[in-house]
Amino acid sequence: GMAKKRKPTILRIYAAIIIAVLLGAVWFYFSGGFGRVLSNNIELKIQAPETLDGGEKISWDVLVTNNNTKSLEDAELVFEYPSGTKVLDPKVRALRERRSLGHIAAGETVRTSFEAFLFGAQGEEKRATASLEYRPEDSNAILDKEAEFVTKISRSPVGVSFDLPQGLRAGQEVAFKVNYVSNAKDELKDLVLELDYPFGFDFKEGAPQPEDNSRSWHIKSLAPGETGSIFVKGVINGEDKEEKSFKARIGTPDASGALNVYGA
């Protein structure tokens, strides 16, 4: 009866050998067998402040580390600045910058920095992204790797407040004041203050004069700590029980004319 017992043992040994070979092959593949370049062995990291006052200068450091046994060729970094950013380099268009890093040797770390003024309203989260395009040595394939970083705006660069009369009544003339102040450390230029009037508000006059739409004002420049005011007069029509809320925001217009809000 010995022969009957041996068969399962031999099968078990064969199974164990096959599993060991397969595990070895898997390990070999993932550890970069035959000097393959693996995306997992490339570290792409963005280092920057996690919080920042709006209107302050920021620097994003992008680090690329090649932990492969082979080099990366034709490496290029594409950096996307967050919305509402004022990039220091005038050549950068549409908040997107491409930089050539060239050859990155095995084990090498390359660091490059991107600088800008970062604007936004308090509590806003500003997301920067970096993507690395590269060609592994001995290959024609172009591969890529991505990373992102979020900075939260801790304070608005411009504060806005209203002086409004109490108990606004329908049909009555109302006069009010909008005040603004710069909390920024640098001069702010070409700001626009926009007002949202309640439904049924009939604009009569403003000082200084608003733009043609009677609801936006151009502020040419605002020094650190400088304050300013706008006076508005009009009549509120409609029902007394309706909500009568005025809203203001201040910022710089982007290419499409939409406002990058610095304060509200």
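Six or more apart or on different chains, Cβ under 6 Å: which pairs go from a residue in the range 214-239 that's closer than 22 Å to Gly167 by Cα to one that's aliphatic (A, V, I, L, M) and loosely packed, with under 13 Cβ neighbours inside 10 Å? Could you list them?
That search, which allows pairs on different chains as well, returns Phe231/Ala207.
Write out, first by first residue and then by second, each pair whose Cβ atoms fall under 7 Å of each other, whose residues are 6+ apart or on separate chains, and whose first residue, in the range 85-100, is at pLDDT 90 or above while the second is of a type in the set (Val, Ile, Thr).
Partner pairs satisfying both residue conditions: Leu95/Thr85; Leu95/Val87; Arg96/Val78; Arg98/Val78; Arg99/Thr112.
Go through the range 246-264 and give me each residue that's in contact with a strand residue (DSSP E or B) (Cβ under 8 Å, 6 or more places away or on another chain) and either loosely packed, with under 15 Cβ neighbours inside 10 Å or in a loop (DSSP other than H, G, I, E, B) (or both).
Within the range 246-264, Phe246, Lys247, Asp254, Ala264 meet the criteria.
Is there a residue in the range 72-87 that is over 30 Å from Tyr262 (Cα atoms) and assigned to a loop (DSSP other than H, G, I, E, B)?
no
Step by step: first the residues of the range 130-173, then only those that are of a type in the set (Val, Ile, Thr) and crowded, with 17+ Cβ neighbours inside 10 Å, then the one that is nearest to Val232 (Cα to Cα). Which residue is that?
Val160
What pairs come up if the first residue lies in the range 242-264 and is at pLDDT 75 or above, the second is of a type in the set (Lys, Arg), and their beta carbons are under 7 Å apart, counting only those six or more places apart or on different chains?
Hits for this filter: Leu259/Arg249; Val261/Arg249.
Out of (1) of a type in the set (Ser, Thr, Tyr); (2) modelled with pLDDT under 95; (3) surrounded by fewer than 16 Cβ atoms within 10 Å (Cβ to Cβ), what's the single condition that is false for Thr109?
Result: Thr109 fails condition (2) only.
Answer yes or no: is there a residue in the range 168-179 that is under 21 Å from Gly55 (Cα atoms), touching a Ser or Thr at 6+ places or on another chain (Cβ under 8 Å), outside any strand (DSSP E or B) and among the polar types (S, T, N, Q).
no
Any residue at all in the range 19-26 that is surrounded by 17 or more Cβ atoms within 10 Å (Cβ to Cβ), of a type in the set (A, V, I, L, M) and either at pLDDT 85 or above or within 26 Å of the chain's Cα centre (by Cα) (or both)? Write out each step before concluding.
Kept after step one, since they are surrounded by 17 or more Cβ atoms within 10 Å (Cβ to Cβ), are these residues of the range 19-26: none.
Checking the range 19-26: not a single residue is surrounded by 17 or more Cβ atoms within 10 Å (Cβ to Cβ), of a type in the set (A, V, I, L, M) and either at pLDDT 85 or above or within 26 Å of the chain's Cα centre (by Cα) (or both).
Of all residues in the range 188-239, count the ones that are part of a loop (DSSP other than H, G, I, E, B) and either aliphatic (A, V, I, L, M) or surrounded by 12 or more Cβ atoms within 10 Å (Cβ to Cβ) (or both).
Selection size over the range 188-239: 13.
The values are calculated or read from the model by the stated rules, or taken from the named source; none is laboratory data. Everything numeric in this text was worked out from a predicted model, so none of it was measured. Glycine gets a Cβ as well: all are built from the backbone with ideal geometry, and neighbour counts include every protein chain shown.
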